[in-house]
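Working notes, beginning with the structure itself.
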Amino acid sequence: MSEFIGDLAKYHFLQYALATGLLASVACGVIGGYVVTRRITYLAGGIAHSVLAGLGAARYCRVVYQWEWLTPLLGAVISALIAAVVIGLVSLYAREREDTVIGAVWALGMALGVLFISRTPGYGEDLMSYLFGNILMVSPRDLRIIAALDLVVVVVVVLFYRRLLAVCFDEEFARLRGVKVEFYFLLLLCLTALGVVLLVMVVGIVMVIALLTIPAAVAGNFTGRLSRLMMLSVFFTALFTTTGLAVSYAADLPAGATTIIVAGAAYLFVLLSKRLLHSIKFRLAWQSKNITLQ
Amino acid sequence: MIQRERKEDPVVTMENVTFSYNGEPVLEGVNLSVERGDFVSIVGPNGGGKTTLVKLVLGLLEPLRGKIRLFGCPPASARHRVGYMPQHSQLDMMFPVNVTDVVSMGFLGKGGLFAFQRRVERDARVDDVLRKLDIADLRDRPFAGLSGGQRQRVLIARALATDPELLILDEPTSNVDPAHEGELFELLLWLNHRMTVVVVSHDIGFVSRYVRTVVCVNRRVVVHPTSEITGEIISEIYGSDVRMVRHDERSGGGECHV
């Protein structure tokens, strides 16, 4: 661990990695709160996987057409937003089964991404880092985009907090109050898309869902209010990504997978201790009842 | 064309309204009118179309045929004047909100998007409504941790926070024990001095004691003043299930003789 701290001062790539994790935590903790409480985890998973299409297309265009401005991160943002709007519009208006549509977008996005990657000249190594994350490859330019996305997410959530809360809790009542429910649902999905893209940089497409939901689920055990749940969730995401990065660096393990293991272990620990506390309380209450009976 | 509301306009009118879910008729040829200041109960068996009727009035559903007017206007443009309490089984009981959060939702939609209300001001108004319903002590409690009766009151508080002219409550007595049921209806009677009240219920027992008009819904709709409710009418609504809905004995009779 001391090696990690020592190297952190020396190597820029490590500083960027740490900053990526911390910056992503802000947006993802907040969005994770909505995803968990509104129960749209599967939807977020669909958006996450469709991101491969954007990553693959951006890389293809850079290599084949020399479009240097189209970074994979930008491609990911575009494809995630498209996926969010498509899933949202279909589930709002097409009267199709929502989970079927999500599943289709999920797989179509991946298929498109694989096609683009197979057609891109050169090595296909990037595929692995897209799928499983490579936080050590983040560039200063990516970092600026991540910071900008963070800002967008936080400003939008602060501005629309009460409306989003009302729409998530009771859509019908919100509609009766004149809140444009469809608009806010799509807005929520677009925010989810941005959060997902940030996490793809940290842990890769396959593991996004865990890092989006686990911190919020852990936080949910400590508070009964969405705003506090989000703040706690930001803290836990930062804790998990930082711990994951440090442990993986010290033990020479993949950072994304290590982060997820850390988060999963913490979740399990919280659930088990809650259970244990509950049964201890129950036993104490039972004992005191017995004593009074005697 | 701007439709102006006249004072004597009924609060709700339905003319020959038909509604179906996927070709299956739920309501057929409904004619209905609710007068200002009335206390109405919508009764009928489960699945008979009571909630559908309410959602049509609120413009949350569109009728297949027929005309619906709310305060003389199309429902969607007048529904902000209605305070609505949904069945609380519709809500996600794990959602992290406290009582103040829920009641504050009643203040939404007033002023524009950027008309920020000061928090202190909002909290004071929430307190006001909670005190009226005698639940000021629940202010900071998580909604998920409340009893059935407390939840109903919080949802009524949210409906009242909208400052409504018409109050519609869907199944306010489900999950409430009989002792609190009486309190709830005393409260609604008190509110009825200031606004029209419509209560949906699958339970006809308490209805007769409090309300003035009974709207019986089972695909078709029949309206009665409470005094006319007889055994034939009830068996007409409920068919062979009459035995299962004999509440008049428990509630002490009233005008409801089965």
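Does A:Gly133 fit the bill of being in contact (Cβ under 8 Å) with a residue 24 or more places away in the chain and at positive phi?
Details: in contact (Cβ under 8 Å) with a residue 24 or more places away in the chain: yes; at positive phi: yes.
Here the answer is yes, as A:Gly133 does meet what is asked.
Could you check the stretch A:65-124 and list, in sequence order, the residues that are part of a loop (DSSP other than H, G, I, E, B) and crowded, with 17+ Cβ neighbours inside 10 Å? If you could, list the steps in order and put the result at the bottom.
As a first pass, look at the stretch A:65-124 and keep what is part of a loop (DSSP other than H, G, I, E, B): A:66-71, A:94-97, A:120-124.
Hits for the stretch A:65-124 are A:Leu70, A:Thr71, A:Thr120.
When only residues in the stretch A:250-259 that are of a type in the set (Gly, Ala, Ser) and under 19 Å from A:Gly204 (Cβ atoms) count, which is least open to solvent (accessible area, probe 1.4 Å)? Even if it seems obvious, please write down each step before you answer.
Let us first name the residues in the stretch A:250-259 that are of a type in the set (Gly, Ala, Ser), namely A:250-251, A:255-257.
Restricting the remaining residues to those that are under 19 Å from A:Gly204 (Cβ atoms) gives A:251, A:255-257.
On the way: A:Ala251: 56, A:Ala255: 18, A:Gly256: 3, A:Ala257: 38 Å².
Only one residue fits best here, namely A:Gly256.
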Residue in the stretch B:52-64 that is open to solvent by 20 Å² or more (accessible area, probe 1.4 Å) and touching a residue at least 60 places away in the same chain (Cβ under 8 Å) present: no
Hits in the stretch A:169-184 - residues which are open to solvent by 20 Å² or more (accessible area, probe 1.4 Å) and within 17 Å of A:Val36 (Cα to Cα): A:Glu171
Every residue from the stretch A:154-168 that is open to solvent by 40 Å² or more (accessible area, probe 1.4 Å) and either more than 8 Å from chain B (Cβ to nearest Cβ) or in contact with a strand residue (DSSP E or B) (Cβ under 8 Å, 6 or more places away or on another chain) (or both): A:Val154, A:Val155, A:Val158, A:Leu159, A:Tyr161
Selection within the stretch A:22-48 - away from chain B (no Cβ under 14 Å), over 21 Å from A:Thr242 (Cβ atoms) and buried (at least 24 other Cβ atoms within 10 Å of the Cβ): A:Leu43, A:Ala44, A:Gly46, A:Ile47, A:Ala48
Tally, over the stretch A:253-294, of residues that are assigned to a helix (DSSP H, G or I) and within 28 Å of A:Thr20 (Cα to Cα): 16
Failed condition for A:Ile280, given (1) among the aliphatic types (A, V, I, L, M); (2) open to solvent by 30 Å² or more (accessible area, probe 1.4 Å); (3) modelled with pLDDT of 90 or more: (3)
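Every residue, every condition in (1) among the β-branched types (Val, Ile, Thr); (2) closer than 20 Å to A:Ile146 by Cβ; (3) at pLDDT 95 or above; (4) touching a helix residue (DSSP H, G or I) at 6+ places or on another chain (Cβ under 8 Å), yes or no:
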residue	(1), (2), (3), (4)
A:Ile31	yes, yes, yes, yes
A:Arg39	no, no, no, no
A:Val51	yes, yes, no, yes
A:Leu55	no, yes, no, yes
A:Arg59	no, yes, no, yes
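Condition check: more than 14 Å from every other protein chain (Cβ to nearest Cβ) and either under 28 Å from B:Ser89 (Cα atoms) or open to solvent by less than 30 Å² (accessible area, probe 1.4 Å) (or both). Does A:Leu151 satisfy that? Before you say what the answer is, go through the steps one by one.
Values: more than 14 Å from every other protein chain (Cβ to nearest Cβ): yes; either under 28 Å from B:Ser89 (Cα atoms) or open to solvent by less than 30 Å² (accessible area, probe 1.4 Å) (or both): no.
It is false that A:Leu151 is more than 14 Å from every other protein chain (Cβ to nearest Cβ) and either under 28 Å from B:Ser89 (Cα atoms) or open to solvent by less than 30 Å² (accessible area, probe 1.4 Å) (or both).
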Complete set of residues in the stretch A:60-93 that are β-branched (Val, Ile, Thr) and more than 19 Å from A:Leu108 (Cβ to Cβ): A:Val63, A:Val64, A:Thr71
Positions within the stretch B:79-92 being more than 8 Å from every other protein chain (Cβ to nearest Cβ) and either modelled with pLDDT under 90 or open to solvent by 40 Å² or more (accessible area, probe 1.4 Å) (or both), in sequence order: B:Arg81, B:Gln87, B:His88, B:Ser89
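Give the residues of the stretch B:144-191 that are away from chain A (no Cβ under 14 Å) and touching a residue at least 40 places away in the same chain (Cβ under 8 Å), sorted by residue number. Steps first, answer last, please.
Here is the first cut: in the stretch B:144-191, the ones away from chain A (no Cβ under 14 Å) are B:147-150, B:152-153, B:171-191.
Within the stretch B:144-191, B:Gly148, B:Gln152, B:Glu171, B:Pro172, B:Ser174, B:Asn175, B:Pro178, B:Leu187, B:Leu188, B:Leu189 qualify.
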Given (1) in a helix (DSSP H, G or I); (2) closer than 30 Å to B:Phe107 by Cα; (3) at pLDDT below 95; (4) open to solvent by 20 Å² or more (accessible area, probe 1.4 Å), index of the condition A:Val234 fails: (3)
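Select, from B:Pro25, B:Pro10, B:Pro45, B:Pro86, the only residue that is touching a residue at least 24 places away in the same chain (Cβ under 8 Å) and more than 19 Å from the chain's Cα centre (by Cα). Please lay out each step first, then the result.
On the way: B:Pro10 fails: more than 19 Å from the chain's Cα centre (by Cα); B:Pro45 fails: more than 19 Å from the chain's Cα centre (by Cα); B:Pro86 fails: more than 19 Å from the chain's Cα centre (by Cα).
That would be B:Pro25, the only listed residue that is touching a residue at least 24 places away in the same chain (Cβ under 8 Å) and more than 19 Å from the chain's Cα centre (by Cα).
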Unique residue being buried (at least 20 other Cβ atoms within 10 Å of the Cβ) and of a type in the set (A, V, I, L, M, F, W, C) when the list is A:Val247, A:Val270, A:Val262: A:Val262
Test for B:Arg122: is it farther than 23 Å from B:Arg194 by Cβ and either within 14 Å of chain A (Cβ to nearest Cβ) or not aromatic (Phe, Trp, Tyr) (or both): no
When residues of the stretch A:129-148 are limited to those that are in contact with a Ser or Thr (Cβ under 8 Å, 6 or more places away or on another chain) and open to solvent by 60 Å² or more (accessible area, probe 1.4 Å), the one farthest from B:Pro164 (Cα to Cα): A:Met137
Flag for A:Thr71 being within 14 Å of chain B (Cβ to nearest Cβ) and not hydrophobic (A, V, I, L, M, F, W, C): no
A:Val51 vs. criteria open to solvent by 10 Å² or more (accessible area, probe 1.4 Å) and within 19 Å of the chain's Cα centre (by Cα): no
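Can you go through B:Arg158, B:Arg194, B:Arg141 and tell me which one is open to solvent by less than 20 Å² (accessible area, probe 1.4 Å) and of a type outside the set (A, V, I, L, M)? First the steps, then the outcome.
On the way: B:Arg194 fails: open to solvent by less than 20 Å² (accessible area, probe 1.4 Å); B:Arg141 fails: open to solvent by less than 20 Å² (accessible area, probe 1.4 Å).
Residue meeting the stated conditions: B:Arg158.
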Lone unmet requirement of (1) assigned to a helix (DSSP H, G or I); (2) modelled with pLDDT under 65 for B:Glu186: (2)
Restricting the stretch B:212-222 to residues that are hydrophobic (A, V, I, L, M, F, W, C) and open to solvent by 10 Å² or more (accessible area, probe 1.4 Å), the residue that is modelled with the highest pLDDT: B:Val221
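The values are calculated or read from the model by the stated rules, or taken from the named source; none is laboratory data. Keep in mind that what you see is a predicted model, and the values were worked out from it rather than measured. All Cβ positions, glycine included, derive from the backbone under ideal geometry; neighbour counts span all protein chains shown. What goes into the accessible areas is simple: the full protein's heavy atoms, side chains included, and nothing from ligands, DNA or RNA. Shrake-Rupley method; radii C 1.70, N 1.55, O 1.52, S 1.80 Å.
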